[in-house]
Amino acid sequence: MSKVIFLTDQRAPGTADGIAGAASLPAPGQAATDARGRPLRDLRISVTDRCNFRCTYCMPRDTFDSNHVFLPHAQLLSFEEIARTAAVFARLGVRKIRLTGGEPLLRKNIEALVGMLAALRTPDGQPLELTLTTNGSLLARKAAALKAAGLTRVTVSMDALDPALFARMSDTDFPVAEVLRGIDAAAQAGLAPVKVNMVVRRGMNDDQILPMARHFRGTGHILRFIEYMDVGSTNGWNMAEVLPSAEVLARIGAEHPLTPLETETMGRVAERWAYADGAGEIGVISSVTHAFCEGCTRARLSPEGRLFLCLFASRGYDLRALIRGGADDEGLAAAIAGIWSGRADNYSERRVLATRDAQAEPKIEMSYIGG
Ligand code: SAM
Ligand code: SF4
Ligand code: SF4
């Protein structure tokens with residue numbers, strides 16, 4: 001039986017629909033800001049909770065087995081509903097949309113959604129930056145169509161070069177060579193630079209750090225090392241398996257000297273480093289050892305239209321109820337602005353401080369909300 005916890009109905013007091021009361025909308029061109037002064041700039045849209053991989057740190061097979069019940073199609077937001085909601089987010093300050101999942105390329109005709117989102121404009125008439133995170137399994141097949149539909153760039157997750165280790169990390173027999181082919185196809189299609197995300201688990205795949213760095217140096221692709229996070233409640237995370245980014249940088253820097261690149265505070269996720277010999281750049285995402293909550297400008301929309309304010313949240317706000325209940329765009333915008341204005345989330349900072357409450361709360365699964 002599935003042990004996944006989905007606590008997704010946030011009811012705010014004093015409102016009939018369970019959504020926080022209307023807030024005044026920001027002036028056109030201004031972003032909605034939260035309780036810590038963080039602007040709403042990024043929207044991550046999870047388009048499916050399904051995946052063809054079973055990465056051990058994300059969808060462990062003993063939980064996500066043949067008995068696991070995925071969301072039925074009727075519960076997913078339709079492409080029209082997603083595009084309409086995204087347009088409202090753009091009105092509220094969002095400049096960048098990332099499609100994710102589950103595996104987003106499993107959602108049928110995802111190119112059509114990309115096309116609809118590519119047509120959106122910010123209040124000052126600019127197109128949005130439109131990216132997608134994928135396990136790469138269907139990328140060789142789909143890269144050209146995604147580019148033609150208006151996708152800006154792509155991020156591919158890949159945790160090992162070694163075929164046996166890749167298979168162990170992703171718990172699939174899908175060949176790593178095919179993921180590499182997807183990365184090249186994306187670059188050739190113009191979805192460049194391709195970012196490659198590697199989750200590092202100490203004692204599991206940390207011996208792949210140098211082979212991965214050597215492989216991607218000089219290719220134009222940007223390899224980024226992600227600290228293993230305590231997302232969800234199913235992966236049995238423990239701190240001993242986290243390899244701090246500082247150690248990643250030390251290992252690579254000993255072989256190929258690195259120099260820091262400037263990174264913005266607001267909206268920052270990765271710290272960027274350049275190879276001193278000009279062979280490109282790498283990034284490290286240190287959500288465990290160096291929290292970046294103070295600049296977190298990301299909202300997350302789940303496959304069935306729940307708005308989450310933090311990757312580690314227990315509860316989401318049911319926007320689908322509003323959308324299907326006949327709310328107009330102004331009403332939807334006011335509800336989202338109201339929800340965002342009350343946001344004070346800073347889970348990773350609290351984890352760093354080792355407060356007990358941060359660890360005790362149930363959390364949404366990564367394969368549902370998409371990272
Ligand atoms: N299936 C797509 C993929 O793998 O790229 C998109 C969804 S996946 C949930 C998004 C990202 O979350 C991937 O880069 C994955 O490696 C990362 N991720 C999942 N579980 C994680 C964990 N426990 N710690 C750190 N990163 C994680
Ligand atoms: Fe699937 Fe991505 Fe999670 Fe791996 S990380 S199981 S590819 S959703
Ligand atoms: Fe943002 Fe939550 Fe991650 Fe902090 S822990 S950076 S608030 S998603």
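What follows is calculated from the coordinates using simple rules that are stated; it is not laboratory data. All values derive from a computational prediction rather than experimental measurement. Cβ placement follows ideal geometry from the backbone for every residue including glycine, while neighbour counts extend to all protein chains displayed.
For region 244-266 versus region 162-191, the inter-centroid distance based on Cα atoms is 24 Å. Using the Karplus relation 6.51 cos²θ - 1.76 cosθ + 1.60 with θ = phi - 60°, the per-residue 3J(HN,Hα) values for region 280-286 come to x, 9, 10, x, 10, 10, 10 Hz, with x marking Gly and Pro. Cβ-to-Cβ counts within 10 Å put D328, D184 in ascending order as D328, D184, the fewest first. For region 74-83, 3J(HN,Hα) computed residue by residue from phi via the Karplus equation (6.51, -1.76, 1.60; θ = phi - 60°) reads 5, 7, 6, 5, 6, 4, 5, 5, 5, 5 Hz, glycine and proline entered as x. Extension gain, E264-S66: 0.36 nm per intervening residue step, less the Cα-Cα distance, totals 66.9 nm. Distances between every pair of Cα atoms in region 42-368, grouped in 20 Å steps from 0 to the bin holding the largest one, split as 31, 62, 7 percent. Residues whose amide H falls under 5 Å from that of I45, counting only those 5 or more places apart or on a different chain, are R98, L99, T100, L301, with hydrogens built in the peptide plane. Each residue of region 363-371 was assigned a 3J(HN,Hα) from its phi angle through the Karplus curve 6.51 cos²θ - 1.76 cosθ + 1.60 (θ = phi - 60°); the sequence is 10, 5, 6, 4, 6, 8, 9, x, x Hz, with glycine and proline shown as x.
Sorting 91-101, 32-42, 72-82 by their mean Cβ neighbour count within 10 Å, with the most densely packed peptide first, gives 91-101, 32-42, 72-82. K96: which lysines have alpha carbons under 17 Å from its alpha carbon, excluding same-chain residues fewer than 8 sequence positions away? Straight-line reach from K96, under 17 Å: K147, K195.
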